[in-house]
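Input: a single structure, listed below in structure tokens.
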Amino acid sequence: MSRTKGLLVFAVLAALAVPAAAEDNAAAFLAGTTNDCPGCDLHGARLKGRDLSNANLEGANLSEAVLHRAVLTRANLKGANLSSSNLNVTDLRFADLSGANLTNALLYQSNLAAATLEGATLSQARSQHADFSRARMGKVTWVGGLSDEASLVGTDLSDANLTETRLFRADMRKAILAGADATRSVLYEARLNDADLTGIVAKDADFRYSRLNGAKLTNADLTGTRLLQAWLTGADLTGANIEAAHVKDDVPPQ
């Protein structure tokens, strides 16, 4: 056999071995013999209550997977596909979800304290009562989400897209929303004491009865924003477009 033909045969065999190895890795992961399965296809996997702390699942396909009450502390989920997955009551503290896809994911009462979600997508995700405190969520896309009474204390949401996301009664004290787009979002009765909302775009957003004491709203665009009974004691409104805000409407939050 010539050297050229030998190299060609080797290349073909190597190419065939790659998917087989991936399937073996996925099988081992599902069997519980390993917690590492980067890039694996785990679509629809049932992993309820499993301890996956420190697991390497970077780039894995976990769409529609059931991870209810699973432990994923410090797990590597960078770029993972978690769309439509069940992450209710899941422990994701300190996990790295940078660039992950969490579209339509269920995150009810999940714990994402100090997790990294920079550049992640949480559009249409349901995360009521979830804990995002101290999480790094810069440039996250969180459009049309539902996160009533969630904790985002000290959370970094710089340049995030929060369009039409509902954060009813959310605790966002000392959160950073500088440069964020909160157009038509609902922050009714939210606690935003000492939060940084510098340059936020909050057109037609609902901040009624919210606490903005000591908040930084420098250069904020509050065109059409509802601010009825909002607490603004000590807030910095330098350069903010507050004249166009509504302060007399009394319509229940949608």
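The values are calculated or read from the model by the stated rules, or taken from the named source; none is laboratory data. Everything numeric in this text was worked out from a predicted model, so none of it was measured. FYI the Cβ positions are ideal-geometry reconstructions off the backbone, even for glycines, and counts take in every protein chain you see.
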Failed item in (1) modelled with pLDDT of 95 or more; (2) part of a helix (DSSP H, G or I); (3) of a type in the set (D, E, K, R), with Glu23 passing the rest: (1)
Restricting to segment 99-156, count the residues that are part of a loop (DSSP other than H, G, I, E, B), within 18 Å of Tyr188 (Cα to Cα) and not small (Gly, Ala, Ser). 8
Among the numbered conditions (1) over 24 Å from Val201 (Cα atoms); (2) surrounded by fewer than 24 Cβ atoms within 10 Å (Cβ to Cβ); (3) among the β-branched types (Val, Ile, Thr), tell me where Thr90 comes up short. (2)
Selection from segment 202-228 of residues that are among the hydroxyl-bearing types (Ser, Thr, Tyr), farther than 19 Å from Glu149 by Cβ and crowded, with 21+ Cβ neighbours inside 10 Å: Thr225
Leu146: under 23 Å from Glu64 (Cβ atoms), in contact (Cβ under 8 Å) with a residue 12 or more places away in the chain and under 10 Å from the mean Cα position of the chain (by Cα), yes or no? no
Being surrounded by 24 or more Cβ atoms within 10 Å (Cβ to Cβ), touching a Ser or Thr at 6+ places or on another chain (Cβ under 6 Å) and not hydroxyl-bearing (Ser, Thr, Tyr) narrows Ala115, Ala65, Ala60, Ala80 down to just Ala65
Can you name the residue in segment 65-98 that is under 21 Å from Arg136 (Cβ atoms) and not in a loop (DSSP other than H, G, I, E, B) and is also nearest to the chain's Cα centre (by Cα) among such residues? Asp96
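One line per residue, one yes/no per condition, for (1) more than 22 Å from Leu197 (Cα to Cα); (2) in contact with a Phe, Trp or Tyr (Cβ under 7 Å, 6 or more places away or on another chain); (3) buried (at least 24 other Cβ atoms within 10 Å of the Cβ):
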| position | (1), (2), (3) |
| --- | --- |
| Leu122 | no, yes, yes |
| Thr141 | no, no, no |
| Asp148 | no, yes, no |
| Met172 | no, no, yes |
What residue, of Thr238, Thr198, is surrounded by fewer than 22 Cβ atoms within 10 Å (Cβ to Cβ), out of contact with any Cys (no Cβ under 8 Å at 6 or more places or on another chain), of a type in the set (Val, Ile, Thr) and within 24 Å of Val140 (Cα to Cα)? Thr198
Could you please give the count of residues in segment 174-193 that are under 10 Å from Gly154 (Cβ atoms) and either more than 19 Å from the chain's Cα centre (by Cα) or surrounded by fewer than 21 Cβ atoms within 10 Å (Cβ to Cβ) (or both)? 1
Pairs returned, first residue in segment 51-62 that is more than 7 Å from Gly39 (Cα to Cα), second residue that is of a type in the set (Lys, Arg), beta-carbon separation under 7 angstrom, 6 or more apart or interchain, are Ser53/Arg74; Asn54/Arg74
